[in-house]
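Take a look at the structure set out below.
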2 protein chains.
Amino acid sequence: MPGEFELIARHFARATPSAILGPGDDCALVAPSPGMELAITTDMLVEGTHFLPGTAPGQLGWKTLAVNLSDLAAMGATPKWVLLAGSLPDSDDAWIGAFAEGFFKCAKRYGADVIGGDTTRGPRNLCVTAIGELPAGAALRRDGARADDDIWISGQPGLAALGLAQLQGRTTLPEALARRCTMALQRPLPRVELGFRLRGLATAAIDVSDGLLADLGHILERSGLAANLNEGQFPLIPPGSEPKLAREAQLGGGDDYELCFTTPIPLRQQVVMLAAELDLPLWRIGYTVAASDERPAGDILLTDADGKPLPLPAKGFDHFG
Amino acid sequence: MPGEFELIARHFARATPSAILGPGDDCALVAPSPGMELAITTDMLVEGTHFLPGTAPGQLGWKTLAVNLSDLAAMGATPKWVLLAGSLPDSDDAWIGAFAEGFFKCAKRYGADVIGGDTTRGPRNLCVTAIGELPAGAALRRDGARADDDIWISGQPGLAALGLAQLQGRTTLPEALARRCTMALQRPLPRVELGFRLRGLATAAIDVSDGLLADLGHILERSGLAANLNEGQFPLIPPGSEPKLAREAQLGGGDDYELCFTTPIPLRQQVVMLAAELDLPLWRIGYTVAASDERPAGDILLTDADGKPLPLPAKGFDHFG
């Protein structure tokens, strides 16, 4: 059985052209570009909590990195450097090799170098730290939304939650939709280019990891605003899904890693053009309103297309809730 | 039971004066100092592998950060920013509070700001990423040692391994020594100031986490050298310990986080003066030699004070060995 250092060297030591020094020393060394700020995020994925036991290692490798790059995207940062720490129950070379392939495929796709890490024995747990660059002051923070901003969501939120329901036998989707939904769950696409392009457009942004309503709620609370959402402007429910489950997935399901963001009304046409340019649907689902005694910061009013209030489904996923 | 976000907010959201944006957004934002390079490291600590179940949370909080700051010290970097991801089996508020106290005590002691993190449910696992700054080109890498450099070790390596043996009932130390050894294990002091002061002096450095011989071996392999060590120049064995166990702990025990480093002979007196200034013993335990057919890179010859070869004890700790 190969030793720890040998495993690391074999699968994770690849060229790191953007770093001064990559894996293999006490630290990696990088030189940030002059005048740029760094956006830094860390996310831990635990077997049984964030992914099902038996998840294909290649998909898991991709997703482990993708969820971190999604946080960079939500700030508008360009991915640069990544570190991976992993606890594994055994030194299964085939598993580690497949995981590394998925991980590096994602790193290459989004232009990040894997500059360091740590490997240890224990229950399966993967922790990534991702670092991106962006011009000083350009970050898309959660606290920048203003009253009367448009609220947008990218792509097709809710597919990942439907995919999980399918895998857990809680629903039965048509075959093609089932494939699409499990792909959304297992191989999410972080909206890196969208985030990058939203610099200068969006007043606030967040990636939807806990569910659309919960994550929009974070923007609203941080920005001191409430929101009105119009279900008539939401993406359509995927044909062949159970409407109630699909709507709940759209509003409360996490793990899609779409971006929810706000923009000033005068920039609406630019967002529409950006959607066309990126070939990515951007749905204007509502608008922010000033908080008040009746509607405290974070309050969300959901109506149907005719303005009739609708009940809100359960909010996002809280690991300790 | 408080929710995840509430727990995080209560215990981990503190002032981060060195960051543009601290915890609570998709990413933290920092502005590196102009002209400085960044040293970045990540380390994962798993219950049962790196610390015993039931370890006091305050000590664990300190150690979790200290082992990462030790990696910065080994590069000669000044600690700046830290992220903490943790998986916990429950939301025990008292445990988390005590852990946070130990963690922040260490952060404050060494001048690092805790700028972000992640909390999730699962088997106990703590993963830190630490970022430090240093002038361009000043890093103490593993690959910079040259033939005929002096080899040094700081402090009293082996105490932590003796402390672990004591806790596991494998040895019985006198009371005062037992206290000192368990402190070395549970509350290690990263040699941050030593690392900082070794810039411009040391040709290579590493922190001893896997054992002195194993970690010196990494320097030698990276630098393409062999080494001669003289047991007569080693720190004395602590009085009251079993000599054989104590010597093995000194040569092969990890977890002390002392620094092992190499310096050119002409700088020897400066190292001696630095030891006095820092009030920290620095032991010149041997010297590097050019690798050869008989002595490949990484080869270590240990002799007694009279030059008689001694057998090497088992090498360091490999999690997958």
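For the pair A:Arg14 and B:Lys105, what calculated FRET efficiency results from E = 1/(1 + (r/R0)^6), where r is the Cβ-Cβ distance and R0 = 45 Å, to the nearest 0.05? Given R0 = 45 Å and the Cβ-Cβ separation, E is 0.75. Between copies, the label points of A:Thr303, set 7 Å from Cα on the Cα→Cβ line, lie 9.0 nm apart, reported in increasing order to one decimal in nanometres. Computed from point charges on the beta carbon alone (+1 for Lys and Arg, -1 for Asp and Glu), the dipole magnitude for region A:170-307 about its Cα centre is near 380 Debye. Over 23 Å apart at the Cα level, from the set A:Lys108/B:Lys63; B:Lys63/B:Lys244; A:Lys244/A:Lys308; A:Lys108/B:Lys80; A:Lys63/B:Lys80, are A:Lys108/B:Lys63; B:Lys63/B:Lys244; A:Lys108/B:Lys80; A:Lys63/B:Lys80.
Packing order of peptides A:260-273, B:175-188, highest average first: B:175-188, A:260-273 (average count of other Cβ atoms within 10 Å over each peptide's residues).
Relative to the other identical copies, A:Leu167 shows label-point distances of 3.6 nm, where the label point lies 7 Å from Cα along the Cβ direction and values run shortest first.
Charging the Cβ of each Asp and Glu at -1 and of each Lys and Arg at +1, and nothing else, the dipole of the protein assembly as shown about its Cα centre rounds to 300 debye.
Taking every full run of DSSP H in chain B, the ones that stretch at least 24 Å from end to end by Cα along their long axis and average -0.5 or higher on the Kyte-Doolittle scale are B:57-75, B:93-110.
Between B:Ala56 and B:Asp143, the simple spin-label model (points 7 angstrom out along Cα→Cβ) gives 4.3 nm. Taken along the Cα-to-beta-carbon direction at a fixed 7 Å, the label points for B:Gln270 and B:Thr49 span 4.0 nm. Taking every residue in B:43-49 and counting other chain Cβ atoms within 10 Å of its Cβ, the average works out to 6. Treating r as the C-beta distance of B:Arg179 and A:Thr303 and R0 as 45 Å, the FRET efficiency rounds to 0.10.
Shielding by partners for peptide A:138-149, expressed as the average number of C-beta atoms from other protein chains within 10 Å of each residue's C-beta, is 2. Peptide B:74-85 has a mean shielding of 3, counted as Cβ atoms of other protein chains within 10 Å of each residue's Cβ. Here the translational diffusion coefficient of chain A follows from Stokes-Einstein with Rh set to the Kirkwood radius across Cα pairs; for 25 °C and 0.890 mPa s it amounts to 120 µm²/s. Calculated mean residue ellipticity at 222 nm for chain A: -10500 deg cm²/dmol, from DSSP H runs with n ≥ 4 weighted as -39500 (n - 2.57), summed, divided by the residue count and rounded to 500.
Dipole check for region A:4-135: with +1 at the C-beta of Lys and Arg, -1 at the C-beta of Asp and Glu, and the Cα centre as origin, the magnitude is about 400 Debye.
Quick note: the coordinates plus some simple rules give every number you see, no bench work behind them. Fair warning: this is a prediction, and the values are worked out from it, not measured in the lab. Every residue, glycine among them, receives a Cβ derived from its backbone with ideal geometry; neighbour counts consider all protein chains shown.
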